[in-house]
1. Quick check for you: which residues of the stretch 5-23 have the amide N under 19 Å from the point 7 Å beyond the Cα of VAL90 toward its beta carbon?
2. Please list, ordered by chain and number, the residues whose modelled amide H lies under 5 Å from the amide H of LEU28; skip anything fewer than 5 residues away on the same chain.
3. Per-residue HN-Hα couplings for the stretch 175-191, Karplus 6.51 cos²θ - 1.76 cosθ + 1.60 at θ = phi - 60°, whole Hz, x for Gly and Pro?
4. With a ≥ b ≥ c the root eigenvalues of the C-alpha gyration tensor of the stretch 66-207, is it rounded (a/c under 1.5), prolate (a/b larger than b/c) or oblate?
5. Could you derive backbone 3J(HN,Hα) for the stretch 42-58 from the dihedral phi with the Karplus parameters 6.51, -1.76 and 1.60 (θ = phi - 60°), listing whole Hz in sequence and x where the residue is Gly or Pro?
6. Looking at the stretch 1-66, which trypsin sites (Lys or Arg not before Pro) are DSSP coil and have at most 15 other C-beta atoms within 10 Å of their C-beta?
7. Which label belongs to the value computed from this structure, given these candidates for Rg and Dmax of the Cα atoms in Å: (1) 21.4, 68; (2) 17.7, 55; (3) 18.8, 58?
8. Using 0.36 nm per residue of separation minus the Cα-Cα distance, give me the extension gain between MET1 and ASN113 in nm, one decimal.
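Values in this text are rule-based calculations from the coordinates and carry no lab data. Just so we're clear, the structure is a prediction, and the values are computed from it rather than from any experiment. Here the Cβ is made from the backbone with ideal geometry for all residues, glycine too, and neighbour counts use every protein chain on show.
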Amino acid sequence: MKKPVIIDCDPGIDDAVALFIAFAADNLDIRAITTVAGNVGIEKTTNNALKLVEYIGKSVRVARGASRPIMKEPVTAEEVHGSSGLGNMVIPEAKGSTYYKNAYDTIYEEAINYKGELQIIALGPLTNIALTLMKYPDIRKKISNITFMGGSIGLGNCTPSAEFNIYADPEAAKVVFGSGIDITMVGLDATHKALAFEEDIREILSLNNGPSEFTGKCMLSYLEFYRRHGFKGAALHDPSAVAAVIDESLLKTQYLYVDVETKGEFTSGKTVVDIYRVTGKKPNVHVAVDIDRDRFINLVKELLKKYGK
């Protein structure tokens with residue numbers, strides 16, 4: 001049976017790869033894509049989502065979401081994703097348009113339709129999810145699981161203490177963590193191990209189809225960035241979260257209490273993970289601490305292969 005999912009995202013280079021593998025997976029039923037400001041502004045993330053769906057020949061509703069965080073000033077990541085959000089990659093402009101409902105109404109609509117079975121895969125700041133919870137408090141019992149890419153137990157990648165997606169809207173993350181919904185956090189502790197080595201990237205390029213060429217070229221560019229920071233490969237952050245829903249056995253997780261710092265001068269956006277259970281608070285998040293890199297990369301290759309020549 002296919003899992004009904006909504007993908008909430010801010011495309012974004014690695015969001016694009018995540019969407020490619022999501023649509024190629026046999027066990028995901030993608031009900032909608034909702035967009036959020038993050039890697040770039042909302043106009044660009046929404047346009048990129050529309051373009052990417054058409055690029056791979058798929059048809060799905062794309063609902064525009066939040067243009068800014070709940071409270072703080074917007075932050076973006078053009079230095080990583082380029083001014084367009086898709087780096088140097090150029091794909092045709094979209095012919096379609098966005099769904100007539102906004103992101104949080106679309107999420108609620110599908111949650112009602114699927115009566116507790118809907119899963120959300122969140123690949124950007126958690127603004128849309130928090131807004132949905134705030135507008136529709138009853139949705140807490142209508143969502144099966146939220147799997148999101150973000151956070152970390154230890155260090156950050158946006159600031160010394162915070163990962164980008166959480167830093168971009170820490171207040172939203174705090175709302176989601178406190179929702180009572182079953183949550184899986186696929187953070188840097190796992191995604192920094194989800195590395196595509198150069199030989200993996202060359203193999204992906206050899207698949208010789210549009211999505212594999214897009215992925216391979218982007219990953220080669222990413223590879224140089226990550227090597228400068230001491231990594232042996234390019235980290236596939238957002239695809240890790242999608243892969244974790246496709247195959248739940250890829251991750252090693254610990255069920256722990258997690259909160260988020262919203263006021264710290266140096267630590268705003270830090271996910272505070274109670275590893276040693278010193279707070280006595282009830283665990284609320286399945287925290288990914290490891291990923292089976294070889295199986296993950298092989299899954300990415302097999303799914304990209306499905307797009308043919």
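1. What the label zone holds, given the 19 Å backbone N cut-off, is 12-13.
2. Distant-sequence amide H within range of LEU28: LYS3.
3. For the stretch 175-191, the Karplus-derived couplings read 4, 5, 4, x, 7, x, 6, 5, 10, 10, 9, 9, x, 4, 4, 9, 5 Hz, x marking Gly and Pro.
4. It comes out prolate by the Cα gyration axes.
5. Running phi through 6.51 cos²θ - 1.76 cosθ + 1.60 with θ = phi - 60° gives 5, 4, 6, 5, 5, 4, 5, 4, 4, 5, 5, 4, 5, 4, 9, x, 9 Hz.
6. Those satisfying the criteria are LYS2, LYS58.
7. Read-out taken from this structure: (2).
8. Computed gain between MET1 and ASN113 is 38.7 nm.
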